[in-house]
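Data block below; observations after.
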Amino acid sequence: MKRTILALGIATLTACSSTPQPAEAQQAFSANGKTLRQLYEHLHKNPELSFQEKNTSAVLAAEMKRLGFTVTTGLGDAWVKARAMKGYGKVQDGVGGYGFVAVLQNGPGPTLMIRTDMDALPLVEKTGLSYASTFRDTAWSGEESGVMHACGHDIHMTTWIGTARELVARKSEWKGALVMIAQPAEEIGLGSMSMLEDGLFTRFPKPDHVIGLHDNAALPAGAIGLGSGYVMANVDSIDITVKGQGGHGAYPQDTKDPIVVAARIVTTLQTLVSREADPQDSAVVTVGAINGGFKHNIIPDEVKLQLTVRSFADATRDKLLQGIARIAKAEAMAAGLEGDKAPTMSVKTDYTPSLYNNPELTARLTNVLTKEFGADKINVASPTMGGEDFARFGRTEERIPIMLLWLGAVSQEKYDASIQPGGKPLPSLHSSEFAPDPDPTIAAGVRAMTVSALDLLGK
């Protein structure tokens with residue numbers, strides 16, 4: 001496929017002056033006639049937390065309607081509010097299901113779904129950008145915090161809009177149904193579930209393929225990363241309560257010390273990866289928090305452990321979860337803690353499943369993207385133990401082929417400096433200092449998604 005000039009927005013991706021807008025002015029913003037850079041800066045300085053993307057969703061939906069898409073808003077609203085009540089006992093002001101679906105029919109043919117996520121993170125921004133976020137807000141769980149697009153969802157949304165503009169301008173080059181979805185709450189792993197539970201694949205044209213992208217804090221802008229098979233991990237959160245019999249620290253013989261038992265559990269858990277998992281099968285068991293006791297000379301009644309567990313294969317996940325439960329029980333039993341003194345273990349049911357890029361789809365689009373960008377811009381992406389709820393779109397009973405690509409987001413100057421001996425490390429995703437290089441990143445993202453869509457929907 002020959003290289004083409006992206007007609008709508010890309011040519012005008014130039015720096016523009018911008019001043020922060022108050023939160024109440026967000027909804028008044030219109031992307032109509034705005035360059036992609038202007039849209040990006042607006043989204044960056046007006047971030048919204050998970051399940052609170054009201055104004056963000058409104059801006060994107062209005063632009064899709066302007067482009068001629070049929071737009072259905074509010075996907076998952078009842079589901080989100082019911083989940084908030086179940087988990088937190090109330091629905092915070094502004095919390096709801098703000099996912100939406102935009103459909104453009106262009107004659108008979110295949111159906112392609114392209115996804116973006118919308119939510120930001122609870123962080124105070126420290127980038128020093130002229131369009132940095134200064135917002136603070138209350139999360140759906142009730143905690144107050146700063147708000148920042150530290151994972152690049154503002155890049156994703158801008159690229160998504162740029163891709164829609166391109167595909168509308170080039171309708172003569174494709175046929176079928178284009179389904180563009182804006183998803184909430186990726187950062188808490190529930191947004192895709194809320195849309196699927198509200199009939200994403202039944203109320204709207206069922207896709208033949210689903211594609212998306214994620215910016216990458218370790219690749220230079222203009223580079224593309226592609227991985228086949230597993231590219232992101234199962235992410236499980238586990239809480240263990242180790243029970244004991246407390247007492248005076250001077251008389252340990254009269255107690256059953258849960259701190260000692262917890263320490264043994266933490267140590268033994270490490271053998272799950274080192275001695276029970278296949279060395280070629282990636283697995284992570286990390287104890288991220290230990291909480292127990294409150295005074296030097298008091299042995300407490302209980303200790304709480306918080307774990308994150310990562311894996312790719314579902315069989316490995318099951319083995320790790322079973323092993324954690326076994327080890328916790330056995331170490332407690334060895335200390336004489338059984339029955340009502342046995343540890344309790346809770347596994348969060350809303351885990352993020354591993355992301356599996358369909359090999360056939362990935363191979364097809366790798367060829368397309370290599371022709372478009374050149375082999376020097378295409379990187380083989382190693383699997384990462386991070387998580388992405390985009391995975392759920394490929395895990396329904398329909399088993400729809402999906403693919404998520406990595407989009408380099410680091411300025412070439414900063415990237416080159418970082419790989420020199422003694423170079424300054426690059427801020428990672430979720431860092432308060434993460435600041436993508438917008439223009440080349442967005443331009444490459446629109447090119448990548450446009451040529452991929454044209455191939456999958458091509459005449």
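Considering (1) assigned to a loop (DSSP other than H, G, I, E, B); (2) in contact (Cβ under 8 Å) with a residue 12 or more places away in the chain, say which one P440 fails and leave the rest.
Unmet condition: (1).
Can you find a residue in the stretch 232-247 that is touching an Asp or Glu at 6+ places or on another chain (Cβ under 9 Å), more than 30 Å from V347 (Cβ to Cβ) and either surrounded by 21 or more Cβ atoms within 10 Å (Cβ to Cβ) or not assigned by TED's automatic domain parsing to the domain that holds P359 (or both)?
Among the residues of the stretch 232-247, at least one is touching an Asp or Glu at 6+ places or on another chain (Cβ under 9 Å), more than 30 Å from V347 (Cβ to Cβ) and either surrounded by 21 or more Cβ atoms within 10 Å (Cβ to Cβ) or not assigned by TED's automatic domain parsing to the domain that holds P359 (or both), which makes the answer yes.
Would you be able to tell me the number of residues in the stretch 180-200 that are crowded, with 24+ Cβ neighbours inside 10 Å and either at positive phi or within 9 Å of the chain's Cα centre (by Cα) (or both)?
2
Within the stretch 316-373, count every residue that is outside any helix (DSSP H, G or I), of a type in the set (S, T, N, Q) and within 30 Å of V451 (Cα to Cα). First the steps, then the outcome.
Keep residues of the stretch 316-373 that are outside any helix (DSSP H, G or I), which gives 335-338, 342-358.
Okay, now just the ones that are also of a type in the set (S, T, N, Q), so 344, 346, 349, 352, 354, 357-358.
Retained after the next criterion (residues that are within 30 Å of V451 (Cα to Cα)): 352, 354, 357-358.
Total satisfying the criteria: 4.
Among the residues of the stretch 81-127, write down those that are touching a residue at least 24 places away in the same chain (Cβ under 8 Å) and of a type in the set (G, A, S).
The answer is A84, G87, G94, G96, G97, G99, A102, G107, G109, A120.
Select the helices (runs of 4 or more DSSP H) contained entirely in the stretch 13-122, then report the ones holding at least 3 residues which are modelled with pLDDT under 95 and out of contact with any helix residue (DSSP H, G or I) (no Cβ under 7 Å at 6 or more places or on another chain). Outline the logic, then answer.
Details: elements: 36-45, 54-66, 77-88.
Ranges flagged: 77-88.
Results for (1) without any contact (Cβ under 8 Å) to a residue 60 or more places away in the chain; (2) within 30 Å of R364 (Cβ to Cβ); (3) out of contact with any strand residue (DSSP E or B) (no Cβ under 7 Å at 6 or more places or on another chain), shown as yes or no for each residue.
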position: S228; (1), (2), (3): no, yes, no
position: N234; (1), (2), (3): no, yes, no
position: V242; (1), (2), (3): no, no, no
position: Y251; (1), (2), (3): yes, no, yes
position: D254; (1), (2), (3): yes, no, no
position: V260; (1), (2), (3): no, no, yes
position: T268; (1), (2), (3): no, no, yes
position: T271; (1), (2), (3): yes, no, yes
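Of everything in the stretch 164-215, what is among the small types (G, A, S) and either more than 22 Å from L226 (Cα to Cα) or not in a strand (DSSP E or B) (or both)? Give them in sequence order.
A164, A169, S172, G176, A177, A182, A185, G189, G191, S192, S194, G199
The values are calculated or read from the model by the stated rules, or taken from the named source; none is laboratory data. Only a predicted model underlies this, so the values are computations on that prediction, with no experimental measurement involved. Ideal geometry is used to build each Cβ from the backbone, glycine not excepted, and the neighbour counts take in all protein chains shown.
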